[in-house]
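The values are calculated or read from the model by the stated rules, or taken from the named source; none is laboratory data. All values reported here derive from a predicted model rather than from experimental measurement. Backbone-built Cβ (ideal geometry, glycine too); neighbour counts: all protein chains shown.
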Amino acid sequence: MQNLILKWSKYIALLAIATSLIVHQTVDAQEEAGYSSSSIKDIDLSAWQQSYNEKQKLLVLFYQPDTCDRCVVALNTITQIVGQPEIPADLEIVKSSNPDLVSALGVRQFPSLVYLREQSYVTYDGSYDVEDVLEWVQQATNQVTRQLDDLSFEHLTQAATGATTGDWLVAFYTDSCRSILPVLDTLGVRVRGRINVAKVNIAENPGLVERFKIAGCPEVILFKQSKMYKCTLPNLDVATLKSFVDGFYKNMQAQVIPLPKSHFDLITESIADYIKVQLEGENKSIVLAGAFAAAVIFLLIIFCCCRSAIGDTSKQKTE
């Protein structure tokens, strides 16, 4: 048994050595043909921040030099896509192993390919095949995540009136949980054409927060066929959210989508809030006197109307 284990161990070691040689030979061949990973510029956090502020496009490969064979393959791939017709002319392809930038973007595995555009970024989640990467870059170039607010939500989603615009996955967020936004953008690229992906700033949209009883940050809700499903899963990464929209939402409680408030509702609430504020302030006695007077007048009007109606009835009986 021990001899068999040793034999298989040798086979595995030989296979690992052969794989490493193939990878490095492939890179050498590419360099001889005119491709070189050294021609891909390295950037740090300040360079990323500058591109972000200036709304430039960056395709960044995060890698670990000398300790990652898959990083070598990925470097080879992005070297090959430089200058390809599918790549936008204003997209700069770079690489980075800068620890400050890695920490700022929350990169957890290597290699990782990140696409910055329109001051938001998406992360590649496929294989490092040249054709696959080129296709993903084309899909990810335009931002697909919509920004919704109190005024536009119902008009765009039609969530409570039949969802004629399709299904919507909406993330409610604040500055303290903005980490959900790159996850949402990455998912949006993958589900484009099947599901609309949107975000709502909690601090700026109290109407939607109250309507959907938003208590957490972030909070993700799927609006589907006049029902809503709150994602209560603890780990809100791309794989989890994709599983959620692909069918796992059925394990969540289906809730009726509350109707948006009418203008009359908003007016009455504003009046009630105003009265509440006045009652808590220095004008409490004046407000109470006014409310009492209004109640007396209202009761007098009802009394007069009823008396008039009784009088008309008696007159008709006499005739």
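Number of residues in segment 108-131 that are of a type in the set (Asp, Glu), at pLDDT below 95 and either part of a strand (DSSP E or B) or at negative phi (or both): the value is 1. Just so you know, in segment 59-84 the residues that are closer than 14 Å to residue 133 by Cα and touching a strand residue (DSSP E or B) at 6+ places or on another chain (Cβ under 8 Å) include one that is surrounded by the fewest Cβ atoms within 10 Å (Cβ to Cβ), and it is 82. Among residues of segment 98-116 that are surrounded by fewer than 20 Cβ atoms within 10 Å (Cβ to Cβ), those with a Cβ under 7 angstrom from a residue that is among the acidic types (Asp, Glu), sequence gap 6+ or separate chain, pair up as 98/44; 100/44. The residue of segment 100-151 that is farthest from the chain's Cα centre (by Cα), among those that are of a type in the set (Lys, Arg) and over 28 Å from residue 69 (Cβ atoms), is 117. Evaluate the following for residue 186: is it under 30 Å from residue 57 (Cα atoms), at pLDDT 95 or above and either of a type in the set (Lys, Arg) or surrounded by fewer than 21 Cβ atoms within 10 Å (Cβ to Cβ) (or both)? Judged against the criteria, residue 186 is not a match. Has segment 294-304 got at least one residue that is outside any helix (DSSP H, G or I) and modelled with pLDDT under 95? Checked against the condition, which is being outside any helix (DSSP H, G or I) and modelled with pLDDT under 95, segment 294-304 yields no hits at all. Inspection of segment 91-106 identifies at least one residue that is within 13 Å of residue 47 (Cα to Cα), in a strand (DSSP E or B) and of a type in the set (Ser, Thr, Tyr). When each of 208, 184 is tested for being closer than 25 Å to residue 104 by Cβ and of a type outside the set (S, T, N, Q), the lone residue that passes is 184.
Residues in segment 144-160 that are in contact (Cβ under 8 Å) with a residue 40 or more places away in the chain, outside any strand (DSSP E or B) and of a type outside the set (A, V, I, L, M): 145, 149, 150, 153, 154, 157.
Name the residue, out of 230, 242, 224, that is modelled with pLDDT under 95, surrounded by 15 or more Cβ atoms within 10 Å (Cβ to Cβ) and not assigned by TED's automatic domain parsing to the domain that holds residue 109.
224
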